[in-house]
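The structure appears below as structure tokens.
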Amino acid sequence: MTRLSQSYQLAQEQYAALGVDTDAALQTLATIPISLHCWQGDDVAGFEDPDRGLSGGIMATGNYPGKARNADELRADLDVAYSLIPGTHRLNLHAIYGDSDGKMDRNDWRPHHFDRWIDWAWANDHGIDFNPSCFSHPMAEGGFTLASLDETVRAFWIEHCINSREIGGYIGKQLDNPCINNVWIPDGYKDTPVDRLRHRELLKESLDEVFSAEISHPDFNRDAVECKLFGIGSESYVVGSHEFYMGYAIQNQTLLTLDAGHFHPTETIADKISSTLLYVPELLLHVSRGVRWDSDHVVTLTDDLQAIMQEIVRHVALDRVHIGLDFFDASINRIAAWTIGTRNALKALLMALLEPIDTLRELEAAGDWTARLALLEELKMLPFGAVWDAYCAQQNTPVGYQFMQAIRHHEQTVLAQRG
Ligand code: RNT
Ligand code: ZN
């Protein structure tokens, strides 16, 4: 017997003593897809126009060599990341990441520009999610898109969002797997506005137009809306605030997206899951990590992350909460960033699946909060790592830090050639 399986067996016994079935937890874990965000691979640049900088109050800092310069390179990098992450996972695409033969403008993108992504996803069993890209474009330079006071600007972005829903539905149909299409816009003011209402009225109208437009495959496109508290250059006011989109999603029964980096620094999204699920059909999470002004650091295995996954697992909401990632770090190997962040999300999910939830519930209901606290704290010392290692081995992915060997190899053989 290998040391790995010996460790697993010991761990299994320890969990079994608490009534937890580790095999069952791993079986469940294998069914949960995480949606990897394509934009970590190239610092949110996209393939529309290499000269266009990133705007919209988001920023990728760092200059790590070897970023993907086209969709082929991005797919190749993603293949490496997926090979180092146990399980089968989705891809979250932005509209500016299609395959084209030259420069594209934002509203030139059509469904067929995503055929190569679809072929790749089909061959590798990845579902695909989508996003209109309402930033990094001359029409967004005024700081407003769907909520602009300028009708021409609004019309441009409404068209883009409708095109994106058409593309999302097409992708979903081709893959026979619904595509979650998430609208996020950067609109807001650096300094205190006097009219907070007008832009919100306009945003509501624009969204109504976007979502009421007829698309070819509505059953394969699932609309979601994402709020934010502030961004760079929109520190004082963001049109699409939490209250705005929570109201919108409830009223229109769209999905609501909760990005972990889009709230006040001490506010976490974990506690929002059970409340919002009472009113909206499903949630999309952008699992991220806020650090001071930045909402997009690589996800680490924090208490926050664990709390998010506990909420999903404890409320048996795995089929109603879609887990996506959202971070972009250009200062480290980008493929490692995906790998580390996704593995962490999965580790936190596994920890949640390994809780003796029935016992904990009974203690709580009986008013034995002393024992609840005692058990919750003891759980933190259980050999969860042995179960995780066994899972990685089972899924033919590297165990522990070994994944860095593949990262280094790819760096030396592929990234180094990119100049
Ligand atoms: C920005 C939002 C949004 C973006 C991506 C690129 O603050 O989080 O989700 O990160 O769409
Ligand atoms: Zn986000």
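Rounded to the nearest 0.05, what FRET efficiency is calculated for Asp319 and Glu235 with R0 set to 35 Å and r the Cβ-Cβ distance?
Efficiency for this residue pair is about 0.40.
With runs of 4+ DSSP H residues as the only contributors, calculate the mean residue ellipticity of the chain at 222 nm using -39,500 (n - 2.57) per run, divided by the residue total and rounded to the nearest 500.
Dividing the helical sum by the residues of the chain leaves -13500 deg cm²/dmol.
Most mobile of Leu29, Leu353, Leu382 per a Gaussian network model of the chain (Cα springs, under 10 Å)?
Of the options given, Leu382 has the highest mean-square fluctuation.
Could you work out what % of the accessible surface of the range 79-133 is carbon and sulfur, using a 1.4 angstrom probe and leaving DNA, RNA and ligands out of the count?
With neighbouring chains kept in place, the figure for the range 79-133 is 44 percent.
For Tyr401 and Ser274, calculate 0.36 nm times their separation in residues minus their Cα-Cα distance, and state this gained length in nm to one decimal.
42.3 nm
Whole Å is fine, so just give me how far the alpha carbon centre of the range 53-114 lies from that of the range 395-416.
When both Cα centres are located, 20 Å separates them.
Return one whole number: the accessible area per residue of the chain in Å², for a 1.4 Å probe.
Each residue of the chain exposes 44 Å² on average to a 1.4 Å probe.
What's the whole-number percent of alpha carbon pairs in the range 304-400 lying beyond 24 angstrom?
Counting pairs separated by more than 24 Å, the tail of P(r) holds 34 percent.
Of Thr31, Thr88, Thr257, which is the most mobile in a GNM of the chain whose springs link Cα atoms less than 10 angstrom apart?
Most flexible of the set in this elastic network: Thr31.
Return the subset of Lys228/Lys347; Lys190/Lys228; Lys204/Lys228 for which the Cα-Cα distance in this structure is over 22 Å, preserving the input order.
Lys228/Lys347
Identify which of Arg106, Arg200, Arg52 has the largest mean-square fluctuation in a Gaussian network model of the chain, with springs joining Cα atoms closer than 10 Å.
Maximum among the listed residues: Arg52.
Determine the share of the range 253-354's accessible area contributed by carbon and sulfur atoms, expressed in whole percent, with a 1.4 angstrom probe.
That share works out to 52 percent.
Once the principal axes of the Cα atoms of the range 251-362 are found, what is the range along each, listed largest first in whole angstroms?
Answer, in whole Å and largest first: 45, 36, 25 Å.
Which one of Val280, Gly324, Thr268 has its Cα pushed farthest toward the positive end of the charge dipole of the range 227-350, where Lys and Arg give +1 and Asp and Glu give -1 at the Cβ?
Of the candidates, Gly324 comes out farthest on the positive side.
What FRET efficiency, computed as 1/(1 + (r/R0)^6) with R0 = 45 Å and r the Cβ-Cβ distance, is obtained for Leu18 and His264, rounded to the nearest 0.05?
Approximately 0.80, to the nearest 0.05.
Report the charge-dipole magnitude of the range 1-56 in Debye, nearest 20, computed about the Cα centre from +1 at each Lys and Arg Cβ and -1 at each Asp and Glu Cβ.
Dipole about the Cα centre, nearest 20: 320 debye.
Write down the percent of antiparallel bridges among all DSSP beta bridges whose residues are both part of the chain, to the nearest 5.
Antiparallel: roughly 15 percent of the beta bridges in the chain.
What size of dipole, in debye to the nearest 20, comes out for the range 271-419 about its Cα centre when the only charges are +1 on Lys and Arg C-beta atoms and -1 on Asp and Glu C-beta atoms?
The dipole of the range 271-419 has a size of about 580 debye.
With point charges of +1 on the Cβ of Lys and Arg and -1 on the Cβ of Asp and Glu, referenced to the Cα centre of the chain, which listed residue (Pro193, Ile167, Ser5) lies farthest in the positive direction of the dipole?
Most positive-ward Cα: Ser5.
Hey, if you put +1 on the Cβ of every Lys and Arg and -1 on every Asp and Glu Cβ in the chain, which of His410, Met104, His217 ends up farthest toward the positive end of that dipole?
So the residue furthest toward the plus end is His410.
Give me the percent of Cα-Cα pairs in the chain that sit more than 39 Å apart, rounded to a whole number.
For the chain, the fraction of Cα-Cα distances above 39 Å is 19 percent.
If you place +1 on the Cβ of every Lys and Arg and -1 on the Cβ of every Asp and Glu, how big does the dipole about the Cα centre of the chain come out, in debye to the nearest 20?
So the dipole magnitude of the chain works out to roughly 680 debye.
Quick one: Cα centre-to-centre distance for the range 231-271 and the range 153-228, in angstrom?
15 Å
The values are calculated or read from the model by the stated rules, or taken from the named source; none is laboratory data. This structure is a prediction, so every number in the text was calculated from the model and none was measured. Positions of Cβ are backbone-derived with ideal geometry, glycine not excepted, and every protein chain shown enters the neighbour counts. With ligands, DNA and RNA removed, areas are computed over all heavy atoms of the protein, side chains included. Shrake-Rupley method; radii C 1.70, N 1.55, O 1.52, S 1.80 Å.
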